[in-house]
Every structure is written in structure tokens, then in C-alpha cells.
Amino acid sequence: MQSAEFSVHTGDRECVVDVTGHAADFVSGLGDGLLNVFVPHATAGLAILELGSGSDVDLLEALGRLLPVDGNYRHRHGAEGHGRSHVMPALIAPSVVVPVVDGRLTIGTWQSLALVDLNVDNPSRSIRLTFVEA
């Protein structure tokens with residue numbers, strides 16, 4: 001098993017950040033196996049989706065409809081609506097597993113690995129990559 005961690009600056013706005021390049025670089029030359037991508041935060045998640053075509057904005061807007069920014073959450077510390085950030089990982093999990101063949105991610109042509117972060121209180125995220133050889 002091989003593992004590495006990297007940081008992503010998410011700033012002070014809700015965002016979807018492409019982390020595909022980090023994952024692809026990590027598995028390059030490693031052969032066949034499984035890559036687990038994990039974000040060790042209670043208020044962020046990982047998704048596989050098409051980026052750059054508006055899907056990232058659509059995702060944030062959909063999450064805004066499902067989890068509105070208001071004061072109606074029992075978890076109330078931080079910025080308004082911070083409680084929604086703690087609910088989001090139940091919808092967008094904090095980890096994803098991707099098959100790796102011959103040192104390459106086997107995601108589809110239009111798929112990307114994306115960090116999804118609604119928490120405007122935490123401008124930096126860590127992501128753990130773990131490769132298990134087949």
C-alpha cells in the first residue's frame with residue numbers, strides 16, 4: 001500500500017475543485033490496483049462528475065436547494081448555514097474508490113475527481129490518496 005496527502009486551498013466560497021491531476025500523478029507508474037481518495041473533514045466530500053461544462057455550478061446550486069443556507073440547523077457554530085456543511089457528506093461521501101489499470105485512473109473521458117466544499121469557514125483542505133496494488 002502506498003499513501004500520500006496533499007492540500008487544496010478552497011478559499012472563503014463554496015466550491016468544486018478538480019483534484020484529478022493530483023490523483024493521476026500519484027498512481028502514474030504504479031501498475032494495477034485501487035485508489036482510495038479521502039478527505040478527512042466533516043464538512044467536505046468527493047464526487048466524480050464532469051467539470052468545466054457547468055456541472056460544477058449545477059451541483060452547487062442543487063446542494064443549495066437541498067441544503068439551504070439559513071439558521072434552521074441544530075449545528076450552529078461558524079458562518080450562517082454551517083450546519084448544512086455537516087449534513088452534506090451524507091449526500092456526497094468523503095471518499096471515492098477508482099480502479100487503476102497500468103498506472104492510469106480508469107475514469108471516463110468526461111469524468112473528473114472533485115472536492116466539494118460548502119464550508120466557507122475552512123479555507124484549506126487535506127486529501128489523502130491511498131493506492132492498494134492488485
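Taken together, the values in this text are just the output of simple stated rules run on the coordinates, not laboratory data. Note that this is a predicted model, so its numbers are computed, not measured. For neighbour counting, all protein chains shown are included, and Cβ atoms are generated from backbone atoms with ideal geometry for every residue, glycine included.
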Taking the Cα-to-Cβ direction at ASP18 and at TRP110 and moving 7 Å from each Cα, how far apart do the two end points lie in nm?
1.5
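When a/c is below 1.5 the answer is rounded, else prolate if a/b is larger than b/c, else oblate, so apply that to region 32-74 with a ≥ b ≥ c taken from the square roots of the Cα gyration tensor eigenvalues. Could the numbers behind the result be given before it?
Details: a/c = 4.26, a/b = 1.43, b/c = 2.97.
Oblate.
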Which label marks the calculated value of Rg and Dmax of the Cα atoms in Å, given the options (1) 23.6, 64; (2) 15.4, 49; (3) 26.5, 78?
(2)
Calculate the dipole size of the chain relative to its Cα centre from +1 charges on Lys and Arg beta carbons and -1 charges on Asp and Glu beta carbons; express the result in debye to the nearest 20.
380
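Which net charge results for the neighbourhood of ASP12, defined as the other residues with beta-carbon distances under 12 angstrom from its beta-carbon, given Lys and Arg at +1 and Asp and Glu at -1? Before the final figure, lay out the partial values.
Numbers: positive: ARG13; negative: GLU14, ASP117, ASP121.
Summing Lys/Arg as +1 and Asp/Glu as -1 gives -2.
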How much length, in nm to one decimal, is gained on full extension between ASN72 and VAL132, taken as 0.36 nm per residue of separation minus their Cα-Cα distance?
17.4 nm
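Within the set of other residues whose C-beta is less than 9 Å from the C-beta of VAL120, count the net charge using Lys and Arg as +1 and Asp and Glu as -1.
Values: positive: ARG13; negative: ASP12, GLU14, ASP117, ASP121.
Net charge around VAL120: -3.
Ranking SER55, SER112 by Cβ neighbours within 10 Å, fewest first, what do you get?
Working: SER55 17, SER112 22.
If I rank by nearby Cβ atoms, fewest first, I get SER55, SER112.
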Loop sites in region 52-134: GluC sites (Glu not before Pro), DSSP, at most 14 other Cβ within 10 Å
GLU80
Using a Förster distance of 22 Å, how high is the FRET efficiency between SER53 and SER28, based on the Cβ-Cβ distance and rounded to 0.05?
0.30
Neighbours of SER3 by Cβ distance under 13 Å: Lys/Arg at +1, Asp/Glu at -1, summed charge -1
Quick check: Cα centre of region 1-30 to Cα centre of region 48-98, how many Å?
19
